[in-house]
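The values are calculated or read from the model by the stated rules, or taken from the named source; none is laboratory data. Everything numeric in this text was worked out from a predicted model, so none of it was measured. Every residue, glycine among them, receives a Cβ derived from its backbone with ideal geometry; neighbour counts consider all protein chains shown. Areas reflect the complete protein model, heavy atoms only, side chains present, ligands, DNA and RNA absent. Shrake-Rupley method; radii C 1.70, N 1.55, O 1.52, S 1.80 Å.
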Amino acid sequence: MTNLTLVEQARQSLAAAVTRSTAAAHAADPDGRAASEHLFAAELKLRKGGREDLGHRLGAVVDDADVTTADARAEMREVMSKIDAELSPEVAATTAFRAASDGGGE
């Protein structure tokens with residue numbers, strides 16, 4: 001069962017991660033460390049919120065170790081767009097809607 005409150009909080013953490021990642025000069029500066037912390041928080045909230053598949057996707061970003069790259073930000077934005085689609089009442093109300101899933105897995 002998906003906990004939409006946790007998923008929404010994960011979305012907020014991802015937005016903060018993207019913002020701090022953009023401001024970072026490298027992964028070890030204060031903005032880079034903050035981006036990593038926000039990304040970890042988003043991953044944890046997604047896993048606890050019933051969206052393990054998206055949490056695994058963020059885990060792959062974390063495994064790359066540098067959240068300040070354009071590729072990492074693109075992946076974070078992609079996950080945010082999937083969350084936005086799930087949280088949108090207009091989308092969720094349609095009969096064709098199914099929660100976004102990337103298959104998860106390990």
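The slack between GLN12 and LEU44, meaning 0.36 nm per residue of separation minus the straight C-alpha distance, is 10.2 nm.
Would you mind getting the accessible area per residue of region 1-90, heavy atoms of the protein chains only, 1.4 Å probe, in Å²? Mind showing how you got there, number by number?
Details: 4540 Å² over 90 residues.
For region 1-90, the per-residue accessible area is 50 Å².
Using a simple spin-label model with pseudo-atoms 7 Å out from Cα toward Cβ, GLU37 and ALA25 lie 2.0 nm apart.
Please give the FRET efficiency for ASN3 paired with ALA60, using the beta carbon to beta carbon distance and R0 = 22 Å, rounded to the nearest 0.05. FRET efficiency, ASN3 to ALA60: 0.50. Residue by residue, region 43-53 carries 3J(HN,Hα) couplings of 4, 4, 5, 5, 5, 6, x, x, 10, 4, 4 Hz when phi is fed to the Karplus relation 6.51 cos²θ - 1.76 cosθ + 1.60 (θ = phi - 60°); x denotes Gly or Pro.
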